[in-house]
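The structure appears below as structure tokens.
The values are calculated or read from the model by the stated rules, or taken from the named source; none is laboratory data. No experiment lies behind these values; they were computed from the predicted model shown. Neighbour counts are summed over all protein chains in view; Cβ atoms, including those assigned to glycine, are modelled from backbone coordinates with ideal geometry.
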Amino acid sequence: MFPTKQLKELLRKQARTVVLTGAGISAESGVPTFRGNQDSLWSKFDPRELASIDAFMAKPGLVWEWYLWRRKLIGGTVPNAGHEVLAKLQKLLPDFTLVTQNVDNLHQRAGSEHVIELHGNIHRNKCFDCGKAMDVDEFGSEQLPRCNCGGMIRPDVVWFGEMLPEREIAAAIDKSRRAELFLCIGTSAEVYPAADLPVLAKRSGAYLVEINPEETQISAHADEICRVNSGPALTDLWQDMNSMTEVHH
Ligand code: BJW
Ligand code: ZN
């Protein structure tokens, strides 16, 4: 049964809520996930190899080609029902924090505010050397753009082996520690430190809900699991909440 009585009661009481999302929430918009589904979308590229400093240093042209291709793909998508419900939920709950590992900007496009982006944003660029934010127009992979300082321009995302943006991860940890309700949606929970957040929240007393069609290492810790795609799952949750408020007004 999803959502359960406990979950609905926490939402009715406007519990302090943290939501962590991963690539799965954008899957129904047509953005490919990183792991699990071996369909041909990634055939040309291996994200585990390309999303790293080493790859960029060795083959900046190839890494840029991958990011330009993904930017274009993401630019052609729109937020789905899952993103939209989370944006509406934020308006209903006075203490609500959305933490995402996604770089696709779809939460913001759905209307979510103050989104904590743990892994950056694919639509931004910065200098590899001095970190300065950069606007770069379309360019070919033969001519890679450079900063005034001489450094190479790179997408403003977090690669393996890099630190997460300090303020973002600190805020996410703080909010997770104080959460009464934590929703873990569409993430394989294989990448750290993001994967620590649901467990941290649970240990600090939060009610932990997982929404994911597949089992993850979060499943063993969860109080409630919904093995359904996030779009339909969150739509059900939203409809249940609305029938609830009708009764209470
Ligand atoms: C649906 C669905 C539907 C499908 N509805 N659900 C050894 C042990 C522990 C840690 C480490 C280690 N060695 C190295 C580390 C650290 C490393 C790490 O965690 N590695 C692990 C892989 C082992 N982490 C880091 O390096 C991080 N930095 C760090 O730790 O700094 C300190 C440090 C410095 C130096 C050395 C060591 C430590 C940085 C991590 C950066 C991750 N970056 C990426 C790329 C971002 C840019 C880009 O997009 O190009 O972030 S990798 C990629 O994975 C991306 C994602 O945000 C991230 C998480 O993936 P996510 O979102 O969970 O997606 P998937 O595809 O994995 O899962 C999709 C899920 O959706 C599945 O479960 C499906 O079932 C589900 N789903 N359809 C709902 N419709
Ligand atoms: Zn620079």
(request) Out of Glu113, Glu49, report the one residue that is touching a helix residue (DSSP H, G or I) at 6+ places or on another chain (Cβ under 8 Å), at pLDDT 95 or above and of a type in the set (Asp, Glu). (result) Glu113
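Go through the range 88-106 and give me each residue that's within 22 Å of Ser188 (Cα to Cα) and free of Cβ contacts under 8 Å to residues at least 60 places away in the same chain. Lay out the reasoning, then the answer.
Within the range 88-106, the subset within 22 Å of Ser188 (Cα to Cα) is 97-106.
Passing the criteria: Val103, Asn105.
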(request) Kindly check whether there is at least one residue in the range 102-120 that is within 16 Å of ligand 1 (Cβ to nearest atom) and more than 24 Å from Ser26 (Cα to Cα). (result) no
(message) Just checking, does the range 159-175 include any residue being on the phi > 0 side of the Ramachandran plot and either assigned to a strand (DSSP E or B) or touching a helix residue (DSSP H, G or I) at 6+ places or on another chain (Cβ under 8 Å) (or both)?
(response) yes
(message) Pairs needed: first member in the range 154-181, more than 16 Å from ligand 2 (Cβ to nearest atom); second member anywhere, assigned to a strand (DSSP E or B) and aromatic (Phe, Trp, Tyr); C-beta distance under 7 Å; at least 6 residues apart or different chains.
(response) Ser176/Phe182; Glu180/Tyr207; Leu181/Tyr207
(request) Can you tell me which residue among Lys59, Lys8, Lys88, Lys44 is at pLDDT below 95, surrounded by 15 or more Cβ atoms within 10 Å (Cβ to Cβ) and over 16 Å from Ile122 (Cβ atoms)? (result) Lys59
(message) Within the range 215-232, take every residue that is over 17 Å from the mean Cα position of the chain (by Cα) and within 24 Å of Ser29 (Cα to Cα) and give me the one that is surrounded by the most Cβ atoms within 10 Å (Cβ to Cβ).
(response) Cys226
(message) Checking the structure you have, find out if any residue of the range 127-148 is more than 8 Å from ligand 1 (Cβ to nearest atom) and assigned to a helix (DSSP H, G or I).
(response) no
(request) With respect to Ala133, determine if the residue is under 20 Å from Arg70 (Cβ atoms) and within 16 Å of ligand 2 (Cβ to nearest atom). (result) yes
